[in-house]
Every structure is written in structure tokens, then in C-alpha cells.
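Structure first, then comments.
The values are calculated or read from the model by the stated rules, or taken from the named source; none is laboratory data. Since the model is a prediction, treat every value here as computed from it, not as a measurement. Here Cβ is always computed from backbone atoms with ideal geometry, including for glycine, and neighbour counts include all displayed protein chains.
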Amino acid sequence: MSDETLLYPAIEPFFSGHLKVSDLHSIYYEQCGNKDGLPIVFLHGGPGGGISPRDRRFFDPKAYHAVLFDQRGAGKSTPAHCLEENDTWSLVEDIEKLRCGRVVLMHFAYYDATGSDNNYFMLILHLLRKHLNIERWVVFGGSWGSTLALAYAEKHVDRVLGLVLRGIFTLRKAEIDWFYQKGASFMFPEAWEQYLEPIPVAERSDLLSAYHKRLIGENQTEQVRCAKAWSTWEMATSQLRTNPENLAKAAEDKWALAFARIESHYFVNEGFMRPNQIIEDAGIIADSGIPVSIVQGRYDVVCPATTAWDLFKKIPKAEFFIVDDCGHSAKEVGITEKLVAACDKYKSLKK
């Protein structure tokens, strides 16, 4: 069975545009499915990963009003791979601005045969300048998206109808050290050697800092080289069986730069949170009584299952699924199946 057969058919957005969230940043977003359906927001991974057309397909288009967006510096958001004004709490407030904020379509034009502006264009543009006015929504996030979903829910729990979470990541030091310093390296030694290659031996006792220094440096050749090595390491390890499509993405300069620069920026700053904040504050979610589904691959090397288990212990009424034959990626059959099933279950929630 392919994961593609478990997803809903491909769908195009019924609206897309940019929302200016600060003097510097504008975030790209799109709306899909039923504009009168149950609202759900998709939070992508990374940070810096961006959304893809596949991400629209977890949600029944007849039931859901799905909102997907590229976080600051990622995907089609501008400016690209920008680290200024880019932190967890800015992203949390971007979600709120998107939920109730003004939406402006930035790339739309209509002209009549003479080339002059047409009144029809002005009417359409006026209609597209509107508020989403979403009162509450389901929040869906995987990997870093789960971190952001949890941070958002812990701060704005009254705006959350439910949580669908995959590959739980909370930016605790042990989680970062496992993947970027010592741990996952024992399981993927050949990929690890490629990850080590750009960093001199003298600096390898703190690989996160060594990479970050180069990724924010002025040497663009070194920046791209390190971005690709960083991104390739994660793409090589994110599925139980390495997916060539993931490796191809890591070889793209623009995508790798956004992914690596933004990830390292967040990780050296410990997610702009106090240590263990996400797990410690999860009681807010438990006390709210909102439904929570946690989907975790047993052999997730990027975000090991111990973090998902720690979260479940704080939210013991959550649905907790360990998928025995999967790693980290939402592209794996068992993970896809559980995520779609959770969304199908939640579509009966009341707005």
C-alpha cells in the first residue's frame, strides 16, 4: 500500500495570498476545501520547511476549511530565510493574526482588452480583502509543527478545538544533542560522516554552534555547502527507509538555506523558551479537555519516541499511537493512516 492511497485527492486552494505580520515579514498562506467547513490549521516542520501540495490532502475537503501557511522565512513567505524577528512567539502570534487578521491577495491582476484597469478587478480585490474571523480551529502539526502547535495551544487554548500531533519535538537539550551531536549518529554512520565533513575536527565538540556560525556567516559558498549538509542529514534519517525525494529537496539551494539557517537559529536559542517549557505547560492542554491525538513512529530517529511518551504522561486522556514500522516522516504509510483517521474523527467537532 502507498501512503498516497490513504490521502484525499489532490486539491487546489480556493484562495491564496500573503498576510503582512510585521514591518519586515509577510507570510504566504492558502485556504482549501469547504470555506464553510470546520477550520483546521496546518503547521509545517523544520522550522523552515514550508508547506507542499501534499499537505492539503490530510483533510476531507467536504468537511474542512483548511488553512496552510509558510512560517516566517520559509517557502513563499518573505523575506526568504530571514532570521530577524523570527522566533517561536512571533510565529504563535502569526497564527493568531492569520486566524482573525486581514488577508490581502498580493499577486492578482485583471485588465480589459485595452490594458486599462477594469472595475471588475477592483471589485474582486475588495472582496478578497477580508477577515478570516475563525473563532476556534483544530491545530495540526508534525515535528517542529508539533512544537509550534503545543506552544500555540498552551498560550491560546481557548482558540483550539483539538490537536493532531505527529513526531513530537519540544527542543529540550537532550533532543537536540541526540540528533545533532551524538546518538542518531550511531544508527546512520555513513550519513553522519557526510554531516561532519564541512566542520573542522577542532570544532566538532559543539556541532550545532559550528554549523550556526557558518550558516549565518558572510561566505555564501560555505553557507550553501553547510546548508545542504545539514539538510541532507535530516532528510537521510527522517524515514525508516531513506526517500530519494527527500534527498533531492535537500540539494536545492533555496530550500536548504531556509531549512538549515532557520533550524539552527531556533536550536542555538533553545526555541526561545525556558528549558522543558512545552512539556511542563502541557497541563494547560490537559485541563482544557480538548481532544488530542499523538502519532509517533517507533523508529523515529529525528524525534525519538521518549518525547511523545513524556507528553502523553502530561495529557493522559490523549489518543496515543505508536506506529511500530515507521520513522519520523508523515509520508510513511502507518503515520499517514493514523493522521488521516484522526482528522476524519475530528471533523465531527462543533465550531
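Structural remarks
- The single condition among (1) surrounded by 24 or more Cβ atoms within 10 Å (Cβ to Cβ); (2) in contact with a Pro (Cβ under 7 Å, 6 or more places away or on another chain); (3) among the β-branched types (Val, Ile, Thr) that ILE134 does not satisfy is (1).
- Output for the stretch 192-207, where each listed residue is surrounded by 17 or more Cβ atoms within 10 Å (Cβ to Cβ) and either part of a helix (DSSP H, G or I) or in contact (Cβ under 8 Å) with a residue 40 or more places away in the chain (or both): TRP192, TYR195, LEU207
- Test result for GLY289, buried (at least 21 other Cβ atoms within 10 Å of the Cβ) and not aliphatic (A, V, I, L, M): no
- Identity of the residue in the stretch 142-183, part of a helix (DSSP H, G or I) and of a type in the set (Gly, Ala, Ser), that ends up farthest from VAL292 (Cα to Cα): ALA174
- Here ASN243 fits the description: at pLDDT below 95, surrounded by fewer than 21 Cβ atoms within 10 Å (Cβ to Cβ) and polar (S, T, N, Q).
- Selection status of LEU257, of a type outside the set (S, T, N, Q), touching a residue at least 24 places away in the same chain (Cβ under 8 Å) and part of a loop (DSSP other than H, G, I, E, B): no
- When GLY33, GLY48 are checked against the criterion of being crowded, with 18+ Cβ neighbours inside 10 Å and over 22 Å from ALA342 (Cα atoms), GLY48 stands alone in meeting it.
- Residue check, ARG274 at pLDDT 95 or above, in a loop (DSSP other than H, G, I, E, B) and out of contact with any Lys or Arg (no Cβ under 6 Å at 6 or more places or on another chain): yes
- If only residues of the stretch 210-237 that are of a type in the set (D, E, K, R) and part of a helix (DSSP H, G or I) are counted, the one that is nearest to PHE188 (Cα to Cα) is GLU234.
- Residue tally, condition farther than 19 Å from GLU245 by Cα, outside any loop (DSSP other than H, G, I, E, B) and in contact (Cβ under 8 Å) with a residue 24 or more places away in the chain, over the stretch 300-344: 17
- Single match in ALA286, ALA251 (criterion: of a type in the set (Gly, Ala, Ser), outside the structural domain of SER143 (by TED's automatic domain parsing), more than 17 Å from the chain's Cα centre (by Cα) and more than 30 Å from LYS35 (Cβ to Cβ)): ALA251
- Scope the stretch 15-36; condition among the basic types (Lys, Arg) and assigned to a strand (DSSP E or B); matching residues: LYS20
- Looking only at the stretch 14-71, residues that are touching a strand residue (DSSP E or B) at 6+ places or on another chain (Cβ under 7 Å), among the basic types (Lys, Arg) and farther than 20 Å from TRP144 by Cα come to 2 in all.
- Exactly one residue among GLU12, GLU85 is under 27 Å from VAL224 (Cα atoms), part of a loop (DSSP other than H, G, I, E, B) and assigned by TED's automatic domain parsing to the domain that holds ARG166, and that residue is GLU85.
- Test for LEU38: is it farther than 28 Å from GLU234 by Cα, surrounded by fewer than 24 Cβ atoms within 10 Å (Cβ to Cβ) and aliphatic (A, V, I, L, M): no
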